[in-house]
Amino acid sequence: MAKAISPYGIALEQLRLAAEKLKLDSGIHEMLKVPKRSLTVSITIRMDSGGIGVFNGCRVQHMDARGPFKGGIRYHPNVDLDEVTALSMWMTWKCAVVDIPYGGAKGGICCNPKKMSKDELERMTRRYTSMIFDFIGPYRDVPAPDVYTDAQTMAWIMDTYSQIKGYSVPECVTGKPISIGGSEGRAEATSLGVDICAREAAKQLNMKLKGATVAVQGYGNVGWNAAKIAHDWGAKITAVSDSTGGIYCKEGLNPYKVYEHKQKTGSVVNFKGSQNITNQEVLETKCDILVPAALENSITKDNADKIRAKIVAEGANGPTTPEADKILFEKRIILIPDILANAGGVTASYYEWVQNLEREHWPVEEVNTKLETKMVKAFNDVYVVSKKEKCEMRIAALMLGVGRVAEAIKTLGLWP
Ligand code: NAD
């Protein structure tokens, strides 16, 4: 087995590769290696049993040279400062790659949301919000959903923030329910962006998305919506998985029916007409497009050689290790990196924030048209750099993102 490399270790290695290519000023490289601010909190709440629950949480703000901090909040038993720091750094590059005026941040609480009641989750979310209150806000740092947090979580954050302020502040979070200022199209935006990038990459291979075979790892917000949109565009979803296992059907799965099945049974496994397979087998399925949409370190040097997709579109953050990147590049697989492929989420979040600040509500067509234009431009920008530099799209995207952030730092100068 390969020695596991931590997400922050991976983020630092990616930054090093980009810095080398860009011949980045060593001082700016040092600045970018560490977050500007990391806040750790111990969240104590009353559990339903009557006892006290204590949870470790954090909010990491990486770099805000291009605008206020922005990033999701994750609830998961593996959340730690290392992982959240890596995710905050990726957010910085991601916002720069799609050229939206934000810096990168991320938050998380180490907990097992599957074993907590809705009331416990609400109390934990509200207590956490109160503890990071001084460091977030519409012009400081704007949270959004991530793994095992959703629109409801954002509603609790907005309400807690607004109650403390004394007036309603919908622009303090994105990914909210539409009834309280959420944007049309936000729930599907990450996945729409993933599929737009996959479609653009397919064009480079003279391949159409219609009729293409697609495998999706992870059947949460990003995975299921990516499967649904690709299916609606005429692709064939042959394999999907969640944390409990995977399923395969040569003739194609109906993602809507799989979603219903997961809602009923809590898992994609045992879906009628499909064959149960392992999570690993889903990744290794022969297909045109593979969408890893679960967690970090899914494609490593141990399984990269077995990947048989033509295109890998990273719905998740950090699913591929640097060693695996090289193997996929040598196999001529087009890898669309996370900081490009899943940037549709933060882009639609940005549109939500703009609508909130302007007290507007745009129709879904307007959001999706703007998103399409942004994603196609970002894809082409990265693709052009990758061809010019003869490098992986990940390095090209990093060069673009890190380069834009470095430029902003230089322009702002250092105070005092
Ligand atoms: P989610 O909680 O809605 O879904 C996560 C899914 O992954 C679940 O279906 C879970 O069962 C599955 N999973 C967990 N471990 C797995 C494993 N070992 N094998 C297969 N499946 C597994 O989370 P999400 O919001 O869909 O986020 C998924 C990924 O996308 C994360 O990396 C997240 O950071 C990234 N992302 C999310 C957004 C967004 O808008 N939600 C935006 C950008 C990036």
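The values are calculated or read from the model by the stated rules, or taken from the named source; none is laboratory data. Every value quoted in this text rests on a predicted model; they were computed, and no experiment measured them. Cβ coordinates were reconstructed from backbone atoms using ideal geometry, including for glycine residues, and neighbour counts include every protein chain displayed. Areas reflect the complete protein model, heavy atoms only, side chains present, ligands, DNA and RNA absent. Shrake-Rupley method; radii C 1.70, N 1.55, O 1.52, S 1.80 Å.
Note on Lys203/Lys272: beta-carbon distance plugged into 1/(1 + (r/R0)^6) with R0 of 30 Å gives a FRET efficiency of 0.30. Remark: region 1-144 projects, on average over all directions, an area of 10.4 nm² (convex hull of Cα atoms). Per-residue ellipticity at 222 nm computed for the chain from its helices equals -15000 deg cm²/dmol, with DSSP H segments shorter than 4 residues left out and the rest contributing -39,500 (n - 2.57).
Using only Cα atoms, what Kirkwood radius does region 176-320 have, in angstroms? Numbers along the way, then the final one.
Numbers: mean 1/r = 0.0663 Å⁻¹.
Computed over region 176-320, the radius equals 15.1 Å.
Packing here is the average count of other Cβ atoms within 10 Å per residue, and on that basis the peptides 368-379, 215-226, highest first, run 215-226, 368-379. Across all C-alpha atoms in the chain, the radius of gyration and Dmax reach 20.3, 66 Å. Amide H contacts for Asp242 (H built 1.01 Å from N in the peptide plane; partners 5 or more residues away or on another chain; cut-off under 5 Å): Gly218, Val268.
From the cross-link list Lys176/Lys272; Lys165/Lys374; Lys203/Lys331; Lys33/Lys370; Lys106/Lys264; Lys176/Lys236, which pairs have alpha carbons spaced over 29 Å apart? Working shown, then result.
Values: Lys176/Lys272 34 Å; Lys165/Lys374 34 Å; Lys203/Lys331 19 Å; Lys33/Lys370 32 Å; Lys106/Lys264 31 Å; Lys176/Lys236 31 Å.
Lys176/Lys272; Lys165/Lys374; Lys33/Lys370; Lys106/Lys264; Lys176/Lys236, as the Cα separations exceed 29 Å there.
Rounded to the nearest whole Hz, the Karplus-based 3J(HN,Hα) values (6.51 cos²θ - 1.76 cosθ + 1.60, θ = phi - 60°) of region 156-165 follow the sequence 5, 5, 4, 5, 4, 4, 5, 4, 5, 5, with x at glycine and proline. Contact order, relative form, for region 60-205: 23 percent (alpha carbon pairs under 8 Å, 6 or more residues apart, mean separation divided by residue count). Here's how it looks for Ser298: its modeled amide H is under 5 Å from those of Thr320, which are all 5 or more places away or on a different chain. When the alpha carbon gyration tensor of region 333-398 is reduced to an equivalent ellipsoid, the three semi-axes, largest first, read 29, 10, 9 Å. With Rh defined as the Kirkwood radius, the inverse of the mean 1/r over Cα pairs, the Rg/Rh of region 262-413 is 1.04. The Thr411 and Glu389 beta-carbon pair, evaluated with R₀ = 25 Å, returns a calculated FRET efficiency of approximately 0.55. Multiplying the residue separation of Lys326 and Ser42 by 0.36 nm and removing their Cα-Cα distance gives an extension gain of 98.3 nm.
The residues of region 261-416 have, on average, 46 Å² of accessible surface per residue, using a 1.4 Å probe with all protein chains present.
Roughly speaking, to the nearest percent, how much of the chain's 1.4 Å accessible area is carbon and sulfur?
Values: 9270 of 17550 Å².
Whole-percent figure for carbon plus sulfur exposure: 53.
The per residue volume of the convex hull around the alpha-carbon atoms of region 7-89 is 98 Å³.
In percent, what relative contact order does the chain have, based on Cα pairs under 8 Å that are 6 or more apart in sequence?
Numbers: 889 pairs, mean separation 68.8, N = 416.
About 17 percent, as a whole number.
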